[in-house]
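The values are calculated or read from the model by the stated rules, or taken from the named source; none is laboratory data. Quick caveat, the model's predicted, so the values are computed rather than measured. Cβ sites come from the backbone with ideal geometry, for glycine too, and all protein chains shown count toward neighbours. The accessibility values were calculated without ligands, DNA or RNA, using every heavy atom of the protein model including side chains. Shrake-Rupley method; radii C 1.70, N 1.55, O 1.52, S 1.80 Å.
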Amino acid sequence: MNRLILLLIPVCFLIISGCQSDPEIIFQSTVNEEYRPTYHFTPESGWMNDPNGLVYLDGEYHLFYQFYPDSTVWGPMHWGHAVSRDLVNWESLPTALYPDSLGYIFSGSAVFDAENSSGLGSEENPPLVAIFTHHNAEEAETSSDTFQNQSIAFSLDKGRTWEKYSQNPVLKNPGIRDFRDPKVSQITNPDGSKSWIMTLAVLDHINFYSSTDLKNWSLLSEFGKTIGAHGGVWECPDLLPFKTPAGEQKWVLLVSINPGGPQNGSATQYFIGDFENGEFTPDDTMIRWIDYGPDNYAGVTWSNLPTEQNRTLFIGWMSNWLYANVVPTKAWRSAMTVPRELSLFDVDGTLLLKSAPAIELEKLRSEEFEINQKEAGLPSEAVELKAEVKSDSFSMTLSNEVGESVIISKENGLVSIDRRNAGQSDFQRDFAAMHSAPMSWEAKEIRIFLDASSIELFVNDGELVMTSILFPTSPWKNVAVSESLNSLKIYNLKK
């Protein structure tokens with residue numbers, strides 16, 4: 001803290017949207033249950049991990065997720081289900097998929113089969129099709145290597161009810177213990193025909209498969225056995241087309257890995273390259289991470305977004321397998337990140353992936369405060385903070401009345417979130433830590449989303465991102481900034 005230059009003078013505020021000048025910001029809690037987020041999605045009760053089956057249909061964003069309704073620790077996996085029309089307000093729906101004789105329902109994806117290529121619907125009522133991993137837990141305890149297989153289910157009522165395909169599995173395991181997490185998308189071939197492409201995690205690499213009907217799959221190629229981070233098992237892949245800033249076509253392959261992330265435990269790496277004739281070829285062997293914080297894992301993107309949206313929309317699981325089962329929440333465990341819009345940007349000739357907060361999050365802003373001093377109060381647990389960066393180093397400290405704090409900073413080319421003094425941490429020995437990320441280019445502005453038990457930092461609108469969960473024993477009530485942060489704005493966020 002000795003590098004901070006703080007002006008310890010009375011705090012003044014200007015409320016932009018009202019007629020009263022210099023109002024005092026009075027903290028008013030928005031949390032009804034300890035650590036329950038205000039605007040991040042959480043299950044009403046039970047355990048949640050990976051987002052699954054992200055698909056848009058008729059004005060609704062569907063969010064399925066790994067779910068165990070009978071406990072707050074991982075168990076027999078189901079697909080939980082929620083929908084939203086604005087990515088902010090979520091309606092929890094009945095459990096979509098239950099374990100059966102073929103096993104637990106592990107991660108996967110969902111598509112809108114508009115041409116009824118699967119034959120599971122009709123021309124008049126095309127189906128939603130979920131593609132997921134069946135995990136046979138009993139076989140997993142034996143010497144068998146074929147206990148994970150790919151299966152499908154379909155819905156003819158906009159995802160409200162689901163029927164599993166009678167001839168599951170549609171892609172049988174060839175003898176690999178980790179053979180899971182199918183992400184399916186549709187591509188148009190050079191001759192104008194369409195194919196379904198499955199991107200599948202296979203132990204330490206990716207397999208690509210092709211199908212015309214979502215039932216019969218053929219292996220196209222493999223990628224990654226000697227490329228990228230390999231500290232753990234590869235999981236939850238996603239293959240995405242993008243345009244570069246120069247207008248060139250590129251493909252990005254997301255691959256989650258556990259353990260082996262930059263902060264230990266779970267994280268998601270990505271590769272930039274070309275996907276042609278069923279093969280992914282990376283531009284280089286550089287290891288890149290979509291989020292340098294410890295708590296954004298298994299994120300994937302929505303399918304079937306309307307063309308006019310012209311965006312790639314992503315959400316991740318806001319936790320880490322190092323401590324996900326033991327964090328100090330009671331009726332529920334885990335939240336999702338805020339939704340993010342992905343795009344490519346260029347830093348000195350190197351392409352990187354940008355993750356900007358989805359535009360819909362601005363709907364949460366209920367009050368706006370422009371802060372003209374270096375210290376201020378916070379209006380609730382749910383806030384957004386924005387500031388301009390005027391030098392190559394900066395610091396922001398969030399604190400409460402019991403002496404806890406979290407520090408966000410950039411110094412010597414490293415952006416950091418320090419949660420060593422941020423509240424409860426005795427549930428796991430490595431939780432209290434300072435996490436850092438390299439950033440060689442200029443930081444021009446920062447944007448922070450704060451909720452009851454999380455902080456998400458976006459530098460330059462997502463050119464560098466860090467996500468961290470936190471468990472303060474009392475809510476954050478104050479913010480202090482260094483001289484190099486100007487034009488500080490605080491938004492009180494309400495649904």
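Data overview
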quantity	calculated
Counted charge near L352, where neighbours are those whose Cβ lies closer than 11 Å (Asp, Glu -1; Lys, Arg +1)	-1
Area of M466 that stays accessible when all protein chains are in place (1.4 Å probe, Å², to 10)	0 Å²
Surface share of carbon and sulfur [accessible, 1.4 angstrom probe, percent] for the chain	46 percent
Helix-derived mean residue ellipticity, 222 nm - over the chain, DSSP H n ≥ 4, -39500 (n - 2.57), to 500	0 deg cm²/dmol
Whichever aspartates and glutamates have a C-alpha closer than 19 Å to that of K250, once near sequence neighbours (fewer than 8 apart) are set aside	E222, D238, D274, E276, E279, D283, D284, E341, D346, D348, E463
C-alpha center-to-center spacing [the stretch 246-276, the stretch 193-243] in angstrom	12 Å
Percentage relative contact order, the stretch 398-495, counting C-alpha pairs under 8 Å, at least six apart	26 percent
Equivalent ellipsoid semi-axes - Cα gyration tensor, the stretch 46-116, angstrom	22, 16, 8
Full-stretch length increase - K494, K444 - with 0.36 nm per residue and alpha-carbon distance subtracted	15.3 nm
The stretch 38-98, relative contact order in percent, only Cα pairs under 8 angstrom and at least six apart counted	29 percent
Modelled FRET efficiency - R0 41 Å, Q373 with N412, Cβ distances, 0.05 increments	0.90
Alpha carbon centroid spacing (whole Å) that separates the stretch 106-143 from the stretch 389-437	42 Å
The stretch 47-83-the stretch 307-386 distance, computed between alpha-carbon centres (Å)	19 Å
With all protein chains modelled, accessible area of S122 [1.4 Å, Å²]	40 Å²
By accessible area with a 1.4 Å probe, ligands and nucleic acids excluded, highest first: order of D295, D86	D86, D295
Distance cut-off 37 Å, percentage of C-alpha pairs in the chain lying past it	27 percent
Accessible area per residue in Å² at 1.4 Å probe, computed on the chain	39 Å²
Cα-only radius of gyration and Dmax that characterise the stretch 155-205, units Å	14.6, 37
log10 of Debye I(q)/I(0), alpha-carbon scatterers only, for the stretch 421-474 at 0.14, 0.18, 0.28 Å⁻¹	-0.45, -0.68, -1.13
Theoretical FRET efficiency, 1/(1+(r/R0)^6), r = Cβ-Cβ of L156 and V402, R0 60 Å, to 0.05	0.65
Relative contact order for the chain, counting Cα pairs under 8 Å that sit 6 or more residues apart, in percent	16 percent
FRET efficiency, 1/(1 + (r/R0)^6) with R0 30 Å, evaluated for V73 and M434 via beta carbons	0.60
Inter-label distance, nm, simple model (7 Å from Cα along the C-beta direction), D58/E139	3.6 nm
Gained length - D213 relative to T244, 0.36 nm times residue gap less alpha-carbon distance	8.0 nm
Exposure ranking of W289, W47 by accessible area [1.4 Å probe, largest first]	W289, W47
Accessible-area order (highest first, 1.4 angstrom probe) of the listed residues R160, R288	R160, R288
Accessible surface of R365 - all protein chains present, 1.4 Å probe, nearest 10 Å²	70 Å²
